[in-house]
Amino acid sequence: MNKDARASEIAVTLALFEVGSSPLFLLGGEAKQDAWLAMLLAAAAGFVLLLLYLRIYRLDPDKDLYELCLRYLGKIPGWFAGFAFAAYFAYESSRNLRDLGELAHVTLLNQTPMSVMLLMAIAVPAIVTSYGPKALFRSCMIYFYMLAIAYALIFATIPLTGLLHIEFMFPVLENGLKPVWDAAFPELVSFPFGQTVLFLTLFKYAPKGKNLSTVVLIAYAFVAVFLTVLNQIVILVLNPQIAKITTYPLYAVVQLIETVRIVERADALFTLILFIGLGIKMALFYMCAAIGLQKLTGVRYRIWLIPLAAAVFGLTFLSPTYTEFIWVGLHLMLVYVDPYFQIALPLLLLVMMLIRRKRLQAK
């Protein structure tokens, strides 16, 4: 696994990772027409978390998340913390795999068994990630241009349909700040903004001496604005109430574009870009879980890919129904699990790194 990725490649990869599965859902729907305020508030909190992760990286840029845990948390506690991160990443990969399978079943392949679709879907990242992080970074650079063109087409065509209703944004803060706050914390911080904790595994592949922080923070800010605007467009088209109860709200918006005959087969285009986004996010979680297992066990990275793929495939069936799957992901995980991996453990790691650094300077 070579360490000569460009800083711009890592920044683009982070941007695509953040977009990932986010357009699949209405984010901050509890805040209704004020979802954009909840998004910006959560994005600001996520920005602080990203600064935390970059600070950890700068203190010891030659080590990834697992190596940092082993070195600064102690051998045994660090091993368990690292294994918890690897399991967390593997589970998140399985969630993206299930999202991809459910989307394919609803939109394109409703006669194909779910297990067959999921098996095909997990095979792709297993093959791509076998070439290491550098190959995935380069793939993301290619996909970035494809997704940029596709989303630009969607942004350009929606206003032409006459479906936007600006009045759906008002009144602003109708019920005060509390619904906005409740929508932002902790759900929106955990998903999607806090998931950048994954890049503590990948920052080490940036070239030394380059200003990685600047390009990463710019990419994050761009994605935060992009997701906020995209999310609000859904509300302005469908209205807050309908958008909240729609299974795939942005997909419904894209279907309305086709209805007014601005673009033919817009739903197929949107499904394709969602597949790409989900696939990239799934592959990154999967790859970082495999890197962790290698660092924790000493067994070569490629040897872990097949058993890990089997584990990710099996995890997708933990929830027998899609309703339960969504509830576990958007409520249980975001509220009770994600904050430990995105906030508590990184803060503990930073404190231990600073304490050890202070001791070394005192000697």
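When W79 is tested against the conditions (1) surrounded by 18 or more Cβ atoms within 10 Å (Cβ to Cβ); (2) among the hydrophobic types (A, V, I, L, M, F, W, C); (3) within 28 Å of I303 (Cβ to Cβ), the lone failure is (1). Contact annotation: residue pairs with Cβ atoms under 6 Å, 6 or more positions apart or on different chains, pairing a residue in region 240-251 that is closer than 18 Å to H165 by Cβ with a partner that is surrounded by fewer than 19 Cβ atoms within 10 Å (Cβ to Cβ), are T246/A252. For region 1-44, the candidate set comprises residues that are of a type outside the set (D, E, K, R) and out of contact with any helix residue (DSSP H, G or I) (no Cβ under 7 Å at 6 or more places or on another chain); within that set, the residue that is surrounded by the fewest Cβ atoms within 10 Å (Cβ to Cβ) is A44.
Yes/no matrix, rows are residues, columns are (1) in contact with a Gly (Cβ under 8 Å, 6 or more places away or on another chain); (2) surrounded by fewer than 18 Cβ atoms within 10 Å (Cβ to Cβ):
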{"site": "F170", "(1), (2)": "no, yes"}
{"site": "E174", "(1), (2)": "no, yes"}
{"site": "A183", "(1), (2)": "yes, no"}
{"site": "T196", "(1), (2)": "yes, no"}
{"site": "A206", "(1), (2)": "no, no"}
{"site": "N211", "(1), (2)": "no, yes"}
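Mind checking whether some residue in region 79-101 is over 22 Å from the mean Cα position of the chain (by Cα) and not β-branched (V, I, T)? Among the residues of region 79-101, at least one is over 22 Å from the mean Cα position of the chain (by Cα) and not β-branched (V, I, T), which makes the answer yes.
Taken over region 1-48, residues that are over 16 Å from E187 (Cβ atoms), in contact (Cβ under 8 Å) with a residue 24 or more places away in the chain and part of a helix (DSSP H, G or I) amount to 15. With the requirement that a residue be modelled with pLDDT of 95 or more and among the β-branched types (V, I, T), what does region 274-296 give you? Correct list: I280, I291. The single condition among (1) part of a helix (DSSP H, G or I); (2) at pLDDT below 95; (3) not aromatic (F, W, Y) that E67 does not meet is (2).
The values are calculated or read from the model by the stated rules, or taken from the named source; none is laboratory data. This one's a predicted model, so the numbers in the text were calculated from it and none came from an experiment. Note that each Cβ is placed from the backbone with ideal geometry, even for glycine, and that neighbours are counted across all protein chains shown.
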